Amino acid sequence: MRTRFLFRPLAALSLLGILTACAGGYTPPPAPAAPAATAPATGLAYTNPSTTGWALVQDASSTATHLVLNLVGPSGQQARGVGFNLASDGSVAFHRYADGNYVQDLGVFQLKLTTPNLYSTTYPNFYEPVLMVGGVKNGGKLLTVGLYQKDRSQPAQSFTPDKPVCQIGVDFSSAQASAVAAGSTIPLQLVRARIIPGDIGTQPADYTGDWTDVLNKFRMEDIQIAVGVLRAQ
């Protein structure tokens with residue numbers, strides 16, 4: 001009985017010795033490294049979308065702080081006008097040009113009448129103004145632009161990749177740099193886009209005939225415009 005009584009304390013002491021020896025060689029894991037300081041951005045970098053349809057692609061005149069985007073249409077398609085809404089998160093600003101507009105026409109659409117206004121007896125030689133508009137909403141976070149052909153007598157316009165429809169700008173200022181980390185993605189998202197299709201119906205020659213063809217076809221159509229990836233750098 002005495003032998004059994006002594007065995008248990010001896011066994012416990014042996015086990016304690018083993019644990020103590022192991023503890024002596026134990027190295028705790030290193031503390032997590034502090035996150036590296038993130039440098040503020042100094043400009044913008046844009047990667048064009050890989051698509052053959054409607055897309056916003058970078059123009060060669062872009063700089064690090066002024067991104068110029070051209071709207072190109074799909075080869076072979078025809079239309080008489082296009083409009084779209086483009087949203088950002090507010091860390092960039094949509095560019096306002098010297099004329100006060102937010103969009104620049106690149107000459108694809110016929111934006112004004114090619115002949116004098118034949119319906120005005122007071123101003124028979126008055127050419128209607130260009131039908132193009134651009135503006136921002138939601139505190140500057142939403143850009144809305146549109147260009148629409150006015151002269152029905154002119155044919156619908158075809159698109160080619162080397163002939164952009166219009167141009168918009170995205171600016172990055174030093175005031176925004178502290179809020180955007182270099183390497184981060186800046187949201188730039190198409191909200192909605194529509195076109196006036198090439199075929200809008202044929203109006204009767206005497207304006208008193210059958211307008212059914214016009215009423216059936218003169219509709220705007222939804223389209224998708226591919227937007228590339230915008231990053232701070």
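Brief remarks on what is shown
- Residue identified as at pLDDT 95 or above and not hydroxyl-bearing (S, T, Y) among Q154, Q167, Q176: Q167
- The one condition in (1) closer than 21 Å to P161 by Cα; (2) surrounded by 14 or more Cβ atoms within 10 Å (Cβ to Cβ); (3) modelled with pLDDT under 90 that G76 fails to fulfil: (2)
- Hey, T63 out of contact with any Asp or Glu (no Cβ under 8 Å at 6 or more places or on another chain) and modelled with pLDDT of 95 or more or not: yes
- Within the range 60-69, the set of residues being surrounded by fewer than 21 Cβ atoms within 10 Å (Cβ to Cβ), touching a residue at least 60 places away in the same chain (Cβ under 8 Å) and not β-branched (V, I, T) comprises A64, H66.
- The range 143-180: number of residues that are of a type outside the set (S, T, Y) and within 21 Å of V227 (Cα to Cα): 18
The values are calculated or read from the model by the stated rules, or taken from the named source; none is laboratory data. As the structure is a prediction and not an experimental result, all values here were calculated from the model. Cβ coordinates were reconstructed from backbone atoms using ideal geometry, including for glycine residues, and neighbour counts include every protein chain displayed.
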